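The values are calculated or read from the model by the stated rules, or taken from the named source; none is laboratory data. Just so it is clear, the structure is predicted and the values come from calculations on it, not from any experiment. Ideal geometry is used to build each Cβ from the backbone, glycine not excepted, and the neighbour counts take in all protein chains shown.
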């Protein structure tokens, strides 16, 4: 069989990391292209995969697509999908399968070393990040090719079936469990090519168990029994979860390098469209309502009728509303922090301690591996960790903000709304994850923009399959689309989306 997702050869262009720049010693070494297209140093590949996989979640396109749907960013006419007009998601689909193709190459390079110190833990790290990418991809689209993807560059299957998401999730949990078990302290690792942890196998163990917690919680409303089992195992595992911001999975960025090495949000300002730099009114208004200490560091102040204020633009506006918009009256991301070349470089985050604290707070409410009495502590710690991240850099939660975080005298559902809303704020700049969590929890409560688009004014629930996939793998794609309530459209829900 032939398969479109993987080409017959792995050309240098797919695995070289010229985009990483050469501003640091590590980047210079990684930039050196391999001398052979058949044998590639796995360290070169893992660097490319971690860097690109992290950067691709943020930046101009995802910010003004998924980021506008969950009302962090305003979007605009330059990105029609931000106004609910349907279109295939070609770039993100192809980007993910390119990353996954490179992970296949890593596995090939480590073939025969799976059970020894030279390759065992390297393989496990690659498989953990592979599971991370597959979860992100299936969360965006629903059913995707998984079990029949090409396992090598010698046998190409161009027409893989689309696995059901409800089957992919248990398979990913098994993959994560197996990878954690394979990780062995003292093994060789990727060293400085590992942008997340500089080769620390113990930190990758925490990453794996934290990913398991995330996988379990995502299924909460779709498969409660498996969700509870998975979450409880992760919460009580001796491997541990992220326990501080030092465990965050992040890629360093550089303001004085090529634009490709800047934080993707900064690059949105330096190389992107001037019309796509504005924040959504929902985010700005929520920060103002809370008197949130992040507001002056996240949003750019504007002068309206002689008064300094913060003001976001409504999402999915009509043509008439857009024609009357005076953009000078609205806030972009802050030009002294997120949009500043002189501010200390802000890492690009893939997975954080705050994420885990919020999951733990939710698990505590459910009694999954913790008791409800722990929920407040976990929740508060999550916000504290979020405030400590750049560009906010706060050592503690301001006393004036503490009442906003109190869970006292609330129902469990009201507590869940508070937890999910703080997570939504924290996930600014990580729009694929924010989109997934909003769909899963239903919080914060969002009102669609006024432009009807292709959805009759409803906020999209998923991305549409690649048009190339529709052409080359038509039968399998149509079969997957037929399983959806509304076909391959913005309004079909993925399996776990029950809100």
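Report, by residue number, each residue of the stretch 378-404 that is under 25 Å from the mean Cα position of the chain (by Cα) and in a helix (DSSP H, G or I).
Within the stretch 378-404, 378, 379, 380, 381, 382, 383, 384, 385, 386, 387, 388 meet the criteria.
Quickly run through the stretch 107-135 and pick out the residues that are over 21 Å from residue 211 (Cα atoms) and either in contact with a helix residue (DSSP H, G or I) (Cβ under 8 Å, 6 or more places away or on another chain) or part of a loop (DSSP other than H, G, I, E, B) (or both).
109, 110, 111, 112, 113, 114, 115, 116, 117, 118, 119, listed by residue number.
Yes or no: the stretch 104-120 includes at least one residue that is free of Cβ contacts under 8 Å to residues at least 40 places away in the same chain and either on the phi > 0 side of the Ramachandran plot or within 23 Å of the chain's Cα centre (by Cα) (or both).
Among the residues of the stretch 104-120, at least one is free of Cβ contacts under 8 Å to residues at least 40 places away in the same chain and either on the phi > 0 side of the Ramachandran plot or within 23 Å of the chain's Cα centre (by Cα) (or both), which makes the answer yes.
For the stretch 183-198, enumerate the residues that are under 22 Å from the mean Cα position of the chain (by Cα) and closer than 23 Å to residue 115 by Cα.
Correct list: 193, 194, 197, 198.
Taking residue 282 as the residue in question, decide whether it is in a helix (DSSP H, G or I), surrounded by fewer than 20 Cβ atoms within 10 Å (Cβ to Cβ) and either touching a helix residue (DSSP H, G or I) at 6+ places or on another chain (Cβ under 6 Å) or touching a residue at least 12 places away in the same chain (Cβ under 8 Å) (or both).
No, not satisfied.
Out of 288, 212, 229, report the one residue that is without any contact (Cβ under 8 Å) to a residue 24 or more places away in the chain and within 30 Å of residue 134 (Cα to Cα).
Sole residue among the options that is without any contact (Cβ under 8 Å) to a residue 24 or more places away in the chain and within 30 Å of residue 134 (Cα to Cα): 229.
Against the condition modelled with pLDDT under 95, surrounded by fewer than 22 Cβ atoms within 10 Å (Cβ to Cβ) and in contact with a helix residue (DSSP H, G or I) (Cβ under 9 Å, 6 or more places away or on another chain), how does residue 151 come out, does it pass?
yes
What residue, of 297, 317, is surrounded by 16 or more Cβ atoms within 10 Å (Cβ to Cβ) and either touching a helix residue (DSSP H, G or I) at 6+ places or on another chain (Cβ under 6 Å) or assigned to a helix (DSSP H, G or I) (or both)?
Answer to the check: 297.
Give me a count of the residues in the stretch 218-262 that are within 18 Å of the chain's Cα centre (by Cα) and closer than 28 Å to residue 176 by Cβ.
Residues meeting the conditions: 11.
Quick one: which helices (runs of 4 or more DSSP H) sit completely within the stretch 413-496 and have at least 3 residues that are in contact (Cβ under 8 Å) with a residue 12 or more places away in the chain and either in contact with a helix residue (DSSP H, G or I) (Cβ under 7 Å, 6 or more places away or on another chain) or under 30 Å from residue 386 (Cα atoms) (or both)?
431-441, 467-472
Any idea which of 451, 473 is in contact with a strand residue (DSSP E or B) (Cβ under 8 Å, 6 or more places away or on another chain) and more than 13 Å from residue 71 (Cα to Cα)?
When all the criteria are applied, what remains is 473.
Of the residues 378, 358, 343, which single one is under 16 Å from residue 298 (Cβ atoms) and touching a helix residue (DSSP H, G or I) at 6+ places or on another chain (Cβ under 9 Å)?
The unique qualifying residue is 343.
Look at the stretch 136-145 and say how many of its residues are in contact with a helix residue (DSSP H, G or I) (Cβ under 7 Å, 6 or more places away or on another chain) and buried (at least 22 other Cβ atoms within 10 Å of the Cβ).
6
Checking the condition over 29 Å from residue 201 (Cα atoms) and either crowded, with 17+ Cβ neighbours inside 10 Å or at pLDDT below 95 (or both), which residue from 62, 42, 33 passes?
Within the list 62, 42, 33, the selection yields 62.
Can you tell me which residues in the stretch 301-313 are surrounded by fewer than 20 Cβ atoms within 10 Å (Cβ to Cβ) and either at negative phi or touching a strand residue (DSSP E or B) at 6+ places or on another chain (Cβ under 8 Å) (or both)?
301, 302, 303, 304, 307, 308, 309, 311, listed by residue number.
Which residue out of 391, 398, 347 is in contact with a strand residue (DSSP E or B) (Cβ under 7 Å, 6 or more places away or on another chain) and more than 24 Å from residue 445 (Cα to Cα)?
The unique qualifying residue is 347.
Please work out which one of (1) touching a residue at least 60 places away in the same chain (Cβ under 8 Å); (2) in contact with a strand residue (DSSP E or B) (Cβ under 6 Å, 6 or more places away or on another chain); (3) in a loop (DSSP other than H, G, I, E, B) is the condition residue 138 fails and give its number.
Residue 138 satisfies all of (1) touching a residue at least 60 places away in the same chain (Cβ under 8 Å); (2) in contact with a strand residue (DSSP E or B) (Cβ under 6 Å, 6 or more places away or on another chain); (3) in a loop (DSSP other than H, G, I, E, B) except (3).
Pick out the one residue from 354, 372 that is buried (at least 21 other Cβ atoms within 10 Å of the Cβ) and modelled with pLDDT of 95 or more.
Answer to the check: 354.
This table checks each residue for (1) free of Cβ contacts under 8 Å to residues at least 12 places away in the same chain; (2) part of a helix (DSSP H, G or I); (3) at positive phi.
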| residue | (1), (2), (3) |
| --- | --- |
| 47 | no, yes, no |
| 50 | no, yes, no |
| 53 | no, yes, no |
| 58 | no, no, no |
| 71 | no, no, yes |
| 86 | no, no, no |
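Could you figure out which of (1) within 30 Å of residue 475 (Cα to Cα); (2) assigned to a helix (DSSP H, G or I); (3) more than 20 Å from the chain's Cα centre (by Cα) isn't true of residue 168?
Residue 168 satisfies all of (1) within 30 Å of residue 475 (Cα to Cα); (2) assigned to a helix (DSSP H, G or I); (3) more than 20 Å from the chain's Cα centre (by Cα) except (3).
Taking the conditions exactly as written (touching a helix residue (DSSP H, G or I) at 6+ places or on another chain (Cβ under 6 Å), farther than 16 Å from residue 280 by Cβ and crowded, with 23+ Cβ neighbours inside 10 Å), does residue 70 satisfy them or not?
No; evaluated as a whole, the condition is false for this residue.
Could you give every pair whose Cβ atoms fall below 6 Å, whose first residue belongs to the stretch 397-409 and is in contact (Cβ under 8 Å) with a residue 12 or more places away in the chain, and whose second residue is in a helix (DSSP H, G or I) and surrounded by 12 or more Cβ atoms within 10 Å (Cβ to Cβ), counting only separations of at least 6 or pairs across chains?
Cβ pairs passing all conditions: 397/384; 404/290; 405/380; 405/383; 407/376; 407/415.
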